[in-house]
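Working notes, structure below.
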Amino acid sequence: METESRSESAYRQLVLYMGQLDDGERLPAESDFVDMFGLSRASIREALARLRAEGMVRSRKGSGSYAVHNGSPEMMRLSAIESMRDLAEWHEVRLALESEVAALAADRRTDADLANLQKAQADLIIQLASNHADKEDVAFHSALAACAHNPKLSDALGKLTSHIFRWSSLSAERGFLTLAERRELISLEHGGIVDAVAARDADRARAEIRRHLLNGRSRVLSTLER
């Protein structure tokens, strides 16, 4: 089985993180990403260099690095989201892709993978006590994808998720749920996913992620339609 390198993991997590940023928004410092993802500075630096080469990050001397969405060739291959129908259709694509990721995660995860997934879930629940924890939510789904041990699938999911997040934003749910309600739902829905992966039950993992994504899509679309 091909395992994901640390630089691939850093790249995938950075792509997911950038999905929350506006075009031209400044990225955190390398040291912040090290703390955020628990990876080495060398892995973060290599991933950022790859993103620059792909046109997804632009660096300015003495100023820092900035997200570039409009000029990214990878992002341009995905059709634009210009309507509620477009958004709903891209959510369906994510549902199909991440459902298979969850099933593979249950089949292929190592003990270390499971520990990382459980930590991501614990970090998310802790942060939800005081904020919407968008970063930790992305980190959980990134940890789930890592369990599948398919860097290409993780990469595709990361780009797709970024594309959706840039248009719908996790903040859409903020008008629908209180922090306490979001914490309770995430604890229940993510907890079911973690339990299925821990039990190596691929069918259950697929069902749990489908439930989570369908519920999330319903909440986002309902909020945007108001």
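The values are calculated or read from the model by the stated rules, or taken from the named source; none is laboratory data. Remember, predicted model here, so these are calculated numbers, not experimental data. Neighbour counts run over all protein chains shown; Cβ positions are idealised from the backbone, glycine included.
Please go through region 13-33 and pick out each residue that is under 17 Å from the mean Cα position of the chain (by Cα) and either of a type in the set (Gly, Ala, Ser) or under 16 Å from SER142 (Cα atoms) (or both). Within region 13-33, GLN13, LEU14, VAL15, LEU16, TYR17, MET18, GLY19, GLN20, PHE33 qualify.
Results for (1) in contact with a helix residue (DSSP H, G or I) (Cβ under 8 Å, 6 or more places away or on another chain); (2) surrounded by fewer than 17 Cβ atoms within 10 Å (Cβ to Cβ), shown as yes or no for each residue.
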{"position": "ASP107", "(1), (2)": "yes, yes"}
{"position": "ALA112", "(1), (2)": "no, yes"}
{"position": "ALA120", "(1), (2)": "yes, no"}
{"position": "ASP137", "(1), (2)": "yes, no"}
{"position": "ALA146", "(1), (2)": "yes, no"}
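In region 1-48, the qualifying residues are those that are part of a loop (DSSP other than H, G, I, E, B) and at pLDDT 85 or above, and the one that is surrounded by the most Cβ atoms within 10 Å (Cβ to Cβ) is LEU27. Looking only at region 100-138, residues that are assigned to a helix (DSSP H, G or I) and under 24 Å from GLU181 (Cα atoms) come to 16 in all. The condition of being touching a residue at least 60 places away in the same chain (Cβ under 8 Å) and at negative phi holds for only one of LEU39, LEU51, LEU124, LEU27, that being LEU124. Just one of the numbered conditions (1) in contact (Cβ under 8 Å) with a residue 12 or more places away in the chain; (2) out of contact with any Phe, Trp or Tyr (no Cβ under 6 Å at 6 or more places or on another chain); (3) of a type in the set (A, V, I, L, M) is not true of ALA96; which one? For ALA96, the failing item is (1). Within region 49-59, the set of residues being at pLDDT 85 or above and outside any helix (DSSP H, G or I) comprises VAL57, ARG58, SER59.
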